[in-house]
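Asks: One structure, pasted below without further comment.
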Amino acid sequence: MKKICFFDTKPYDKLYFDEFAQKYGFEMVYCESKLSEKSVVLAKGCDAVVAFVNDSVNAAVVRALLEMNIHIVAMRCAGYNNVDFKEAYGKLHIVRVPAYSPYAVAEFTIAMFLMLNRKLHRACNRVREYNFSLAGLVGTDFYGKTVGVVGTGKIGQVFMDICLGFGMKVLAYDPYPKEREGVRYVSFEELCKNSDMISLHCPLTKESYHIVDEGAIRNMKKGVAIVNTSRGALIDSAALIEGLKDGKVGAAGLDVYEEEGDFFYEDYSGEILQDDELVRLIAMPNVLVTSHQAFLTEEALRNIAETTTENLRQYFAGEPLPNEVCYRCSKNNICKKEHKDRCF
Ligand code: NAD
């Protein structure tokens, strides 16, 4: 029976993974720790590792796994910016879940925009104290407004559908445009200049790192609402805080945060949070911070568990790995998976 070491386990992970592990005959070793140079030793004696968004598959972790004779890491997520591909290539296979529910993330994104625009978070708090005043809760209609979508892959496409359903004008920026009715592809600069709302759905790469920085914010419409459900480092938090302070940015919804690895998914309610920028953002009435939650639906969790265990089954069976990624895949798709339909 193959033994799988599962890092950063939460109760809802177990619920779905147990079902599929049983089906495939895997023994799961659930660890609460995040994967790092320190915790990697927990994988000793296992045949594979399952990791998530805030686990670190850096060079030291890759070397340690290889020393333990582990040659596969199954990411139970779509993004893979936390993997040192150069170190892994040729020795450690990295598989992922390319799509589990674009609806989960897209629906969460529109929920954030709606909540911020109609100030539902503030309204709920008020009513709990029997304060039924509407002062300060004025929003705007979404109908007729312009939304800018950065990254129009699986999630971006679903999000654009939702916005079109609201009767919004949709501007899009993506280096690989997928032309479609009702959507106008423009440069990133033009998108910033003309959008009332901006939603980020591109992966974190060298090119997209801090794509929303001081210059981009300066170029945006006054009062713009920005929502990031993609990866934290797409936004320069310091620049966002300045934009919020001077009113250039009217609202921000952050399901992801550049330094989230230190905090998200954990309970710090009894402690003094040491990240001043995060504390500042959480304290603002026109900012919503959630803990990388956009994916969290029953459908998504089931699909994640099913695809991850199927990825592992394919690996152990010596079959092609359609969900494998390497640095050549992520670099303009130059990897042709010529080695028995695997990256190497
Ligand atoms: P996808 O691969 O289907 O689409 C990504 C799109 O971004 C592609 O069309 C690509 O061409 C485009 N892109 C690449 N570089 C870009 C750039 N510099 N500027 C603009 N566009 C660029 O991915 P997806 O499934 O739609 O997921 C998008 C992102 O959402 C993932 O990379 C991941 O980081 C994030 N995500 C977050 C959660 C969450 O719970 N918050 C869950 C799943 C995915």
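The values are calculated or read from the model by the stated rules, or taken from the named source; none is laboratory data. These figures come from a predicted structure and were not determined experimentally. Cβ sites come from the backbone with ideal geometry, for glycine too, and all protein chains shown count toward neighbours. Accessible surface areas use protein heavy atoms only, side chains included; no ligands, DNA or RNA. Shrake-Rupley method; radii C 1.70, N 1.55, O 1.52, S 1.80 Å.
Asks: Which one of these is part of a helix (DSSP H, G or I) and within 14 Å of the ligand (Cβ to nearest atom): ALA238, ALA233?
Replies: Going through ALA238, ALA233 in turn, just one is part of a helix (DSSP H, G or I) and within 14 Å of the ligand (Cβ to nearest atom): ALA233.
Asks: Scanning for something closer than 21 Å to MET160 by Cβ, touching a Gly at 6+ places or on another chain (Cβ under 6 Å) and of a type outside the set (Val, Ile, Thr), does the range 101-112 turn up at least one residue?
Replies: Yes, because at least one residue in the range 101-112 is closer than 21 Å to MET160 by Cβ, touching a Gly at 6+ places or on another chain (Cβ under 6 Å) and of a type outside the set (Val, Ile, Thr).
Asks: Could you give every pair whose Cβ atoms fall below 7 Å, whose first residue belongs to the range 271-289 and is among the small types (Gly, Ala, Ser), and whose second residue is open to solvent by less than 80 Å² (accessible area, probe 1.4 Å), counting only separations of at least 6 or pairs across chains?
Replies: none
Asks: Also, quick follow-up: Only one of these is out of contact with any strand residue (DSSP E or B) (no Cβ under 6 Å at 6 or more places or on another chain), surrounded by 14 or more Cβ atoms within 10 Å (Cβ to Cβ) and hydroxyl-bearing (Ser, Thr, Tyr): SER101, SER133. Name it.
Replies: Checking each option against the conditions leaves just SER101.
The rows are residues; the columns are (1) within 16 Å of the ligand (Cβ to nearest atom); (2) among the acidic types (Asp, Glu); (3) surrounded by fewer than 16 Cβ atoms within 10 Å (Cβ to Cβ).
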{"residue": "GLU207", "(1), (2), (3)": "yes, yes, yes"}
{"residue": "GLY215", "(1), (2), (3)": "yes, no, yes"}
{"residue": "GLU259", "(1), (2), (3)": "yes, yes, yes"}
{"residue": "ASP267", "(1), (2), (3)": "no, yes, yes"}
{"residue": "VAL279", "(1), (2), (3)": "no, no, yes"}
{"residue": "VAL289", "(1), (2), (3)": "yes, no, no"}
{"residue": "GLU299", "(1), (2), (3)": "yes, yes, yes"}
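Asks: A follow-up question, please. Going by the structure shown, is LYS178 under 30 Å from ASP84 (Cα atoms), near the ligand (Cβ under 9 Å from one of its atoms), among the charged types (D, E, K, R) and out of contact with any helix residue (DSSP H, G or I) (no Cβ under 7 Å at 6 or more places or on another chain)?
Replies: Yes; evaluated as a whole, the condition is true for this residue.
Asks: Any idea which residue in the range 191-205 is farthest from THR109 (Cα to Cα), counting only those that are assigned to a loop (DSSP other than H, G, I, E, B) and near the ligand (Cβ under 10 Å from one of its atoms)?
Replies: This residue is THR205.
Asks: May I pose another question? When the range 79-97 is examined, which residues are found to be open to solvent by 10 Å² or more (accessible area, probe 1.4 Å) and more than 12 Å from the chain's Cα centre (by Cα)?
Replies: VAL83, ASP84, PHE85, LYS86, GLU87, TYR89, GLY90, LYS91, HIS93, ARG96 - these are the residues of the range 79-97 that are open to solvent by 10 Å² or more (accessible area, probe 1.4 Å) and more than 12 Å from the chain's Cα centre (by Cα).
Asks: Of these, VAL186, VAL147, which one is touching a Leu at 6+ places or on another chain (Cβ under 8 Å), of a type in the set (Val, Ile, Thr) and over 16 Å from GLY253 (Cα atoms)?
Replies: Just a single option satisfies the conditions, and that option is VAL186.
Asks: Provide a single number: the residues in the range 155-203 that are free of Cβ contacts under 8 Å to residues at least 24 places away in the same chain and under 18 Å from the mean Cα position of the chain (by Cα).
Replies: 1
Asks: Then there is this: Which residues, counting only those in the range 307-327, are open to solvent by 20 Å² or more (accessible area, probe 1.4 Å), in contact (Cβ under 8 Å) with a residue 40 or more places away in the chain and within 16 Å of the ligand (Cβ to nearest atom)?
Replies: Result: THR307, ASN323, TYR327.
Asks: Check whether at least one residue in the range 153-166 is more than 12 Å from the ligand (Cβ to nearest atom), open to solvent by 30 Å² or more (accessible area, probe 1.4 Å) and outside any helix (DSSP H, G or I), and report yes or no.
Replies: Checked against the condition, which is being more than 12 Å from the ligand (Cβ to nearest atom), open to solvent by 30 Å² or more (accessible area, probe 1.4 Å) and outside any helix (DSSP H, G or I), the range 153-166 yields at least one hit.
Asks: Turning to a different aspect of this structure: For the range 329-344, give me each residue that is more than 18 Å from ALA78 (Cβ to Cβ), open to solvent by 50 Å² or more (accessible area, probe 1.4 Å) and at pLDDT below 90.
Replies: Result: ASN332, ILE334, LYS336, GLU338, HIS339, LYS340.
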